1. So which residues in region 44-92 are among the β-branched types (V, I, T), surrounded by fewer than 17 Cβ atoms within 10 Å (Cβ to Cβ) and closer than 27 Å to V124 by Cβ?
2. So which of S102, S108, S88 ends up being of a type outside the set (K, R), farther than 21 Å from S139 by Cβ and in a strand (DSSP E or B)?
3. Do we find a residue being in contact (Cβ under 8 Å) with a residue 12 or more places away in the chain, of a type outside the set (G, A, S) and out of contact with any strand residue (DSSP E or B) (no Cβ under 8 Å at 6 or more places or on another chain) anywhere in region 77-98?
4. Of all residues in region 119-136, which are over 16 Å from R85 (Cβ atoms) and not in a helix (DSSP H, G or I)?
5. Looking only at region 99-119, filter to residues that are in contact (Cβ under 8 Å) with a residue 24 or more places away in the chain and over 17 Å from the mean Cα position of the chain (by Cα); which one of those is surrounded by the most Cβ atoms within 10 Å (Cβ to Cβ)?
Amino acid sequence: MVLVTSQLDPLHQQSGQRWFHLIEGVGASMQGTVEWTGGKNMVGINSNGQRIEMNWEEGPSPMQLALQMVGACSIVDVVVGLKEREFSKAWVDMDSTRNDESPRYFTSIHMVYHVVGDVPKKLVERVVHKSHEKYCSVSNSLRDDCKITFEVIIHSSRE
């Protein structure tokens, strides 16, 4: 496998373009850059050049994005897990609590999964459980003391 490190390309310092150095012998890697752009603003840039604008006061803040990415990662598992079922829409609403003192990590996340279609609720519950137990890299990257709970609501496609 490969370890990738990045630094500013000396020819493109003004544009923020990066070059990546590959080092053999390390597990799978992912690269990214976060650049402060003034005030309370930042931009996150992945290795493909895709950007996410952030603001640590007015949002989206890094913690808001972290919460949404738990949902995004898990909803991917739900959609893939239901690929042979008839459904037209899926989303997850999330509510979290954070530690009162720094570091203000998540202490709990409650997730309400919604699926529109003719899908057995028990199947969706099983897929969601497997997502957080095994497949969702984001939720599995949280602290061990972050309690994740969930519920599933199935909506009729006739509603």
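Nothing in this text is a laboratory measurement; each read-out follows from the coordinates by a stated rule. Worth saying up front: this structure is predicted, and the values here are computed from it rather than measured. With ideal geometry, Cβ positions are generated from the backbone for all residues, glycine too; neighbour counts draw on all protein chains shown.
1. Answer for region 44-92, where residues must be among the β-branched types (V, I, T), surrounded by fewer than 17 Cβ atoms within 10 Å (Cβ to Cβ) and closer than 27 Å to V124 by Cβ: V76, V79, V80.
2. Going through S102, S108, S88 in turn, the sole match is S88.
3. yes
4. Result: C136, single match.
5. Filtering region 99-119 for residues that are in contact (Cβ under 8 Å) with a residue 24 or more places away in the chain and over 17 Å from the mean Cα position of the chain (by Cα), the one surrounded by the most Cβ atoms within 10 Å (Cβ to Cβ) comes out as V115.
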